[in-house]
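One structure is given below, encoded as structure tokens.
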Amino acid sequence: MRIGIIGAGAMAAALGGGWAAAGHEVAIAARSTDAAQALAERISESRDPAVRRLDTGRGAGTVATHEGRLTQLDPSSEPVEPAPQRADETGVQPDTSSAAGGRPVARITEQSGDSGSVAPTPVRAGPIGLTIEWAEVVLMAVPVGALAELLRAHGTALDGKVVIDCTNAFLPDESAPDGTTAFVLSEDAVAERIAAGAPKAHVVKAFNLLAAEVWAGTDRVFDGARLAVPLCGDDPAAMRTVAALAEDLALQPFPAGGLHRAKYLEATSVFAVGLWFAGADARAMLPPLSAAFAVED
Ligand SMILES: NC(=O)c1ccc[n+]([C@@H]2O[C@H](COP(=O)([O-])OP(=O)(O)OC[C@H]3O[C@@H](n4cnc5c(N)ncnc54)[C@H](OP(=O)(O)O)[C@@H]3O)[C@@H](O)[C@H]2O)c1
């Protein structure tokens, strides 16, 4: 899949690096071509030529990656040979074992790691407009304050594209009691604002809940449960696409409703991050599903 990433910061590196390692074509775009180029090079250089290890919860599995090579973005060029992406091709198989809570999860199966047997996946760098034109999926990995300008300039170019919104509109909570670290939202429905600015795009809110370091890491199973990615969006095909991209990172996608519910995901993020910054383990406030209700419905 052709994934264009707007922004060349921490989230672009984390998610772009993971998708490139999983065999997708990734292009980085930023205000500064040098910054985009630098990140594209960094992703290419950091990719293990043979395998990328991920914690699958059933012992280390491997997913084949390929020698990185950097190319300039040129939408008029012939597309490179499609990279292996989907479950049956990459070895990521649905797993409905009880260890996975009966839900399908990504499982990375052993592969040869022979980079000569698959097409290399280039990491590209280019200007924002060309990157959007080239991409099938666009990740908005910029500060919320950049969105208005981006949507004004490129909203129409996003027609028909899957747009992943991973942004958070965090501000320090000025009214927090002394000694606590907390945040509030500067606005409470960013994903809906993106959809209003790009009305023919298929916006999916995802990946906003956890730090870039988590997405970039390889730990995927905590206390026996696979790390989940809630997704909110209105277009079923776009939701399937983003769910598959989550699985490519060995994450468990949770479809969590329409885009009107993305505001709850944005609020969840600011609330959980505030707890973590204050030193509280936000995970501890949620029981497992089996204990979530006193009486089963
Ligand atoms: N970092 C995390 O742990 C994390 C976790 C979840 C969600 N998020 C959200 O993800 C988004 C990106 O976060 P990040 O940590 O990756 O930010 P970052 O490291 O600060 O990088 C932001 C990138 O956006 C670019 N940018 C800024 N204004 C722009 C504009 N007007 N047009 C195009 N590009 C522009 C910056 O380029 P310049 O160098 O030119 O400024 C930079 O490359 C934010 O909304 C953040 O809230 C972050």
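Each value in this text was obtained by applying a stated rule to the coordinates, not by laboratory testing. Everything numeric in this text was worked out from a predicted model, so none of it was measured. Ideal geometry is used to build each Cβ from the backbone, glycine not excepted, and the neighbour counts take in all protein chains shown.
Evaluating 6.51 cos²θ - 1.76 cosθ + 1.60 at θ = phi - 60° for every residue in the stretch 3-18, the Karplus couplings come out as 10, x, 10, 9, x, 10, x, 5, 6, 4, 5, 5, 6, x, x, x Hz, glycine and proline recorded as x.
Under a 5 Å amide H cut-off, with hydrogens placed 1.01 Å from N, Ala228 pairs with Gln252 among residues at least 5 apart or on other chains. Restricting attention to the stretch 185-231, which GluC sites (Glu not before Pro) occupy a DSSP loop and are surrounded by at most 16 other Cβ atoms within 10 Å? Those satisfying the criteria are Glu187. Taking a cut-off of 17 Å between Cα atoms, list the lysines near Lys161, but don't count ones fewer than 8 places away on the same chain. Within the straight-line limit of under 17 Å, Lys161 reaches these lysines: Lys200, Lys205. Phi angles of the stretch 35-43 translate, via the Karplus equation with coefficients 6.51, -1.76, 1.60 and θ = phi - 60°, into HN-Hα couplings of 5, 5, 4, 5, 5, 4, 5, 5, 5 Hz per residue; Gly and Pro are given as x.
Counting only the Cα atoms, the stretch 242-290 fills a convex hull of 113 Å³ per residue. Among the chymotrypsin sites (Phe, Trp or Tyr not before Pro) within the stretch 238-297, which fall in a DSSP loop and have no more than 10 other Cβ atoms within 10 Å of their own Cβ? Sparse-neighbourhood loop chymotrypsin sites (Phe, Trp or Tyr not before Pro): Phe293. Across the stretch 270-275, coupling constants 3J(HN,Hα) worked out from phi with the 6.51/-1.76/1.60 Karplus curve, θ = phi - 60°, read 5, 6, 5, 5, x, 5 Hz, and Gly and Pro carry x.
Proximity of backbone amide H atoms, modeled 1.01 Å from N, is registered between Phe183 and Asp173, Gly274 at under 5 Å, excluding neighbours fewer than 5 places apart on the same chain. Looking at the stretch 180-220, the trypsin sites (Lys or Arg not before Pro) that sit in a DSSP loop and have at most 14 other Cβ atoms within 10 Å of their own Cβ are Lys200. Charge tally for Ala169 (other residues, Cβ to Cβ under 14 Å; Lys, Arg +1; Asp, Glu -1): -3.
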